[in-house]
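Visitor: My structure is below; once you've seen it, I'll send some questions.
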Amino acid sequence: MITQTRISDFVEEQRQFFQTNQTKDVDFRIDKLKTLEQAIEGNKGNIIQALKADLHKPGFEAYFEIMGVLSEIKYTLKHLKNWAKPQKVATPFYQFLSSGHISHEPLGVVLIIGPWNYPINLMLTPLVSAIASGNCAVLKPSELAPHTSSVIADIIQNTFDSSFITVVEGGVETSKELLATSFDHIFFTGGTEVGKIVMSAAAKHLTPVTLELGGKSPCIVDDDINLEYTAKRIVWGKFSNAGQTCTAPDYLLVNRQIKTELLNHIKNQIKQFYGDEPSKIHSYARIINQRHFYRLTELLKDGEIIVGGETDLDNLYIAPTVIDQVSSQDKIMQEEIFGPILPVLEYTHLSEAINLVNKQPKPLALYFFSKNKKHQELILQSTASGGVCINDTLMHMTVPALPFGGVGASGFGRYHGKAGFDNFSYQRGVLNKSFLLDLKWRYPPYKQKGRVNSQ
Ligand code: NAD
């Protein structure tokens, strides 16, 4: 295990490198982003293999994960010079002959802790923003995706000097050791309970944190929709990566009028995507480990299974499953599912769906399928969530110009695109004065006349 002393040593090395000001040069950052891009391009095969070994992740889904990072790099390269420019501000009349600007400064040495479900994307996308903003970084990938963790360590070691970017592999104890060290920012992606541990460890050093957490992201389906596309998009968003996606539709809230029809389309779509025996095809991932397998099989006890339900512990397989007749009191509605199980609840009036969503902690994503503009507006006005996608699932995350992050229990802080640049920088207000004029009245001894001075 890496000891606390060793951690402090390499954090100190990074601090010394940061003090050289090299990372403050935007051309340096651009160069490092291009280097990272090349390293990822050159390691696509290794990454895909590692994701397969850890999660049985289908090649296309692995490719999609890599493309997410590459498109973030491309977008950042296109806009970085503009984002990093000092921003002029107007100064008030009593500051005449002065100029003011906001400069975007890097935070220093940042720690990025990642989860296992999209272990490449959720480690390297924040790194893109950290580099773009001019920081040094320490990465701690998840020990539950060991092959991917090792590929990340190799890529970073072979690409960057450790005084600029480094990887520390390990589990909970290593993570705790890192959290005991003083960083300039901690970017954490993971579960809500661990998020609380991270935040209290950060408080000891007054380190600011970004918490990218999970939650129960609702998927509400109105009666006015294209059933075929809706079913296809829900099934894809729910069962990609075997449901182990932080923004996967957690549960379905469907208008009673179209419920039977929609469920028939969903059944049909599952068959179209995964065939009669999803366990035999390469397009379907596996559960990460036995602990999560047992946790998920417990959730199969609620309601009435209408599709799937088959499990195989030896292969960590749980079939794409839809459960009807679920109530909001059932266990499956009390925790984030994070697996391939879709519970279905119904409503008569949209207000019931809104009330149910608002009784849950604020989710990371909210999905609403409807052609009705007024209903779309109502949902946007009456609910809260980190992000929203109307008439699709997951896709809002792929737009780099849209800030990504949670609200309330699903976390705080934003990244992707400019939001990521802002997340890893701080705004420094700078006022530059002239020597041309110096008004005497601002200095003591103050004149003893006028209302203010006579009181
Ligand atoms: P996790 O919180 O168990 O682990 C995340 C990281 O924290 C790992 O690197 C792990 O080593 C470390 N860790 C675990 N326990 C710790 C402890 N006691 N002290 C210090 N560090 C500790 O999360 P996970 O199981 O890897 O991921 C699943 C969760 O992450 C789900 O809740 C999911 O919704 C959430 N998630 C959120 C996002 C997002 O972008 N908001 C993305 C993916 C996953």
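Visitor: Charges only on Cβ, +1 for Lys and Arg, -1 for Asp and Glu: so what's the dipole of the stretch 74-148 about the Cα centre, in debye to the nearest 20?
Guide: Here the size comes out at about 340 debye.
Visitor: Compare the peptides 314-322, 418-426 by average per-residue count of other Cβ atoms within 10 angstrom and give them in order, highest first.
Guide: 418-426, 314-322
Visitor: Where q = 0.12, 0.19, 0.20 Å⁻¹, what log10 of I(q)/I(0) comes from the Debye formula for the stretch 296-402, counting one point per Cα?
Guide: -0.51, -1.11, -1.18
Visitor: Still on this structure, please answer the following. How about Lys447: which lysines have a C-alpha closer than 30 Å to its C-alpha, ignoring those fewer than 8 places off in the same chain?
Guide: Within the straight-line cut-off, Lys447 pairs with Lys433.
Visitor: Which of rounded, prolate, oblate describes the stretch 191-287, given a ≥ b ≥ c as roots of the alpha-carbon gyration tensor eigenvalues and a/c under 1.5 marking rounded, otherwise prolate only if a/b is larger than b/c?
Guide: oblate
Visitor: Still on this structure: Taking +1 at the Cβ of each Lys and Arg and -1 at the Cβ of each Asp and Glu, which of Gln95, Thr245, Gly411 sits farthest along the dipole of the chain towards its positive end, judged by Cα position relative to the Cα centre?
Guide: Gln95
Visitor: With a probe of 1.4 Å, find how much accessible area the stretch 18-83 has per residue, and write the answer as a whole number in Å².
Guide: With all protein chains present, the stretch 18-83 gives 48 Å² per residue.
Visitor: Then there's this: Quick query: amide H of Leu366 versus all other amide H atoms, modeled in the peptide plane; which residues come in under 5 Å with a sequence gap of 5 or more or a different chain?
Guide: Result for Leu366 returns Gly387, Val388, Cys389.
Visitor: Give me the log10 of I(q) over I(0) for the chain at q = 0.11, 0.14 Å⁻¹, as the Debye formula computes it from C-alpha points; what are the numbers?
Guide: -0.89, -1.29
Visitor: Quick one: 3J(HN,Hα) in Hz for the stretch 192-207, Karplus 6.51/-1.76/1.60 with θ = phi - 60°, rounded, Gly and Pro as x.
Guide: Karplus-based 3J(HN,Hα) across the stretch 192-207 equals 4, 5, 5, x, 5, 5, 4, 5, 6, 5, 5, 4, 4, 10, 6, 8 Hz.
Visitor: A follow-up question, please. Checking the table Lys140/Lys271; Lys331/Lys373; Lys271/Lys301 against a 30 Å threshold on Cα-Cα, which pairs fail?
Guide: Too far apart for the 30 Å limit: Lys140/Lys271; Lys331/Lys373.
Visitor: Using a 1.4 Å probe over the heavy atoms of the protein chains, calculate the carbon and sulfur portion of the accessible area of the stretch 218-398 as a whole percent.
Guide: 46 percent
Visitor: Hey, another quick one. Using all alpha carbons of the stretch 247-345, what is the percent of pairwise distances in each 10 Å bin, ordered from the shortest bin to the longest?
Guide: 15, 49, 32, 4, 0
Visitor: Here's something else I'd like to know. Using a probe radius of 1.4 Å on heavy atoms only, what accessible surface per residue do you get for the stretch 218-398? Whole Å² is fine.
Guide: In whole numbers, the stretch 218-398 has 43 Å² accessible per residue.
Visitor: Right, another one. Under a cut-off of 13 Å between alpha-carbon atoms, report the aspartates and glutamates in cross-link reach of Lys418, not counting same-chain residues fewer than 8 places apart.
Guide: Glu72
Visitor: Same structure, new question: Any idea how far the Cα center of the stretch 294-372 sits from the one of the stretch 401-452, in Å?
Guide: 45 Å
Visitor: Considering only DSSP beta bridges with both partners in the chain, what is the antiparallel share in %, to the nearest 5?
Guide: Restricted to the chain, the bridges split so that about 35 percent are antiparallel.
Visitor: Sorted by average packing, counted as other Cβ atoms within 10 angstrom per residue and highest first, what order do 113-125, 328-340 take?
Guide: Those peptides, ordered most packed to least, come out 113-125, 328-340.
Visitor: How large is the Kirkwood hydrodynamic radius of the stretch 218-398, in angstrom, based on all distinct alpha carbon pairs?
Guide: Hydrodynamic radius (Kirkwood, Cα only) of the stretch 218-398 equals 16.3 Å.
Visitor: Okay, next question. Cβ neighbours within 10 Å, averaged per peptide: list 393-403, 180-190 in order, most packed at the top.
Guide: Averaged packing, sorted descending, gives the order 180-190, 393-403.
Visitor: Could you please state, rounded to a whole Å, how far the C-alpha centre of the stretch 41-59 is from the C-alpha centre of the stretch 90-144?
Guide: First find each Cα centre; the distance between them is then 27 Å.
Visitor: Place +1 on the Cβ of every Lys and Arg and -1 on the Cβ of every Asp and Glu in the chain, take the dipole about the Cα centre, and give the residue among Gln19, Leu51, Thr297 whose Cα lies farthest towards its positive end.
Guide: Gln19
Visitor: Still on this structure: In terms of the ratio Rg/(2.2 N^0.38 Å) built on C-alpha atoms, what value belongs to the stretch 36-85?
Guide: 1.38
Visitor: Over the stretch 20-103, with every protein chain in place, what whole percent of the accessible area is carbon and sulfur at 1.4 Å, could you tell me?
Guide: On the stretch 20-103, the fraction of accessible area on carbon and sulfur atoms equals 56 percent.
Visitor: 7 Å from Cα along Cα→Cβ at both Asn372 and Lys331: what's the point-to-point distance in nm?
Guide: Going by the 7 Å Cα→Cβ label model, 3.6 nm.
The values are calculated or read from the model by the stated rules, or taken from the named source; none is laboratory data. Remember, predicted model here, so these are calculated numbers, not experimental data. Note: ideal-geometry Cβ built from the backbone for every residue, glycine included; neighbour counts use all protein chains shown. Areas reflect the complete protein model, heavy atoms only, side chains present, ligands, DNA and RNA absent. Shrake-Rupley method; radii C 1.70, N 1.55, O 1.52, S 1.80 Å.
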